[in-house]
Structure formats: C-alpha cells, structure tokens
Amino acid sequence: MAQTRFTCTLTRADEPACQSYARVTITDSEGATARGCPQHAVAALNGITGAHVDWADSKGLNEWERTALELSEERSKLSALR
Ligand SMILES: [Zn+2]
C-alpha cells in the first residue's frame, strides 16, 4: 500500500495495516511527526512520553475523538514531567 498523508502509520509492529483514514497528526518530544487515525493516535499518545497532537493539522474529528485525544495528550504531558 502506498504511504500517503492519509495512511494511518501509527499501528504497532504486531498489528495489521490500518485501513482507517488518517486524520490526526501527532508530534513526539523530538519534533518528529506521524499521521494516523484517531483510534491509533490515542494509543500512540498513551505509549509515547511527551507526544502531543498537532491540532492545526488534524481535521474532521468529532467531539468524542477530540476529547479522547485531549485526555491522552494530557496524560502524555504528565508522564513527561515525572
Ligand atoms: Zn489506525
């Protein structure tokens, strides 16, 4: 499958390729960005310390997805402080 801006790249190594539309950009503490679907973005934020959502580059999120991402982002920030 061709890697595009809309391909979810946030799957873990043991997961099959994700067919969901990538609508979220996350940035890690080093400034590297990756795009993924909301579901995988939440999982990635939970797994990467200090990662955050690039909201300006994340479109088409519903209320629920936005809230889930905000919570994970908050948690990621807190674990970076420890
Ligand atoms: Zn995905």
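Would you mind stating whether LEU78 is at pLDDT below 95 and in a helix (DSSP H, G or I)? Lay out the reasoning, then the answer.
Details: at pLDDT below 95: yes; in a helix (DSSP H, G or I): yes.
For LEU78, the condition - at pLDDT below 95 and in a helix (DSSP H, G or I) - is met.
Restricting to segment 48-68, name every residue that is part of a helix (DSSP H, G or I), open to solvent by less than 60 Å² (accessible area, probe 1.4 Å) and under 18 Å from GLY31 (Cα atoms). Steps first, please.
We begin by selecting, within segment 48-68, every residue part of a helix (DSSP H, G or I); these are 55-57, 63-68.
Of the ones still in play, those that are also open to solvent by less than 60 Å² (accessible area, probe 1.4 Å) are 57, 65, 68.
Once the filter is applied, which keeps residues that are part of a helix (DSSP H, G or I), open to solvent by less than 60 Å² (accessible area, probe 1.4 Å) and under 18 Å from GLY31 (Cα atoms), segment 48-68 yields only ASP57.
Quick one: in segment 1-15, of everything that is under 20 Å from ASN46 (Cβ atoms) and open to solvent by 100 Å² or more (accessible area, probe 1.4 Å), which residue is modelled with the highest pLDDT?
Pass one, segment 1-15, residues under 20 Å from ASN46 (Cβ atoms): 8-15.
Then drop every residue that is not open to solvent by 100 Å² or more (accessible area, probe 1.4 Å), which leaves 12-14.
On the way: ARG12: 89, ALA13: 87, ASP14: 92.
Only one residue tops the list, namely ASP14.
Could you list, in sequence order, the residues of segment 29-41 that are open to solvent by less than 30 Å² (accessible area, probe 1.4 Å) and either of a type in the set (S, T, N, Q) or part of a helix (DSSP H, G or I) (or both)?
Selection gives PRO38, HIS40, ALA41.
Restricting attention to segment 26-36, which residues are within 13 Å of the ligand (Cβ to nearest atom) and farther than 15 Å from ASN46 by Cβ? Lay out the reasoning, then the answer.
Quick first cut of segment 26-36, residues within 13 Å of the ligand (Cβ to nearest atom) only: 26, 34-36.
Correct list: ARG35 only.
Given the conditions (1) at pLDDT 95 or above; (2) of a type outside the set (Asp, Glu); (3) touching a His at 6+ places or on another chain (Cβ under 7 Å), and given that VAL42 satisfies all but one, which numbered condition is not satisfied?
With respect to (1) at pLDDT 95 or above; (2) of a type outside the set (Asp, Glu); (3) touching a His at 6+ places or on another chain (Cβ under 7 Å), VAL42 is out only on (3).
The values are calculated or read from the model by the stated rules, or taken from the named source; none is laboratory data. These numbers were taken from a predicted model, which means no experiment stands behind them. Positions of Cβ are backbone-derived with ideal geometry, glycine not excepted, and every protein chain shown enters the neighbour counts. When the accessible area is computed, the model is the full protein with side chains, heavy atoms only, and any ligands, DNA or RNA have been set aside. Shrake-Rupley method; radii C 1.70, N 1.55, O 1.52, S 1.80 Å.
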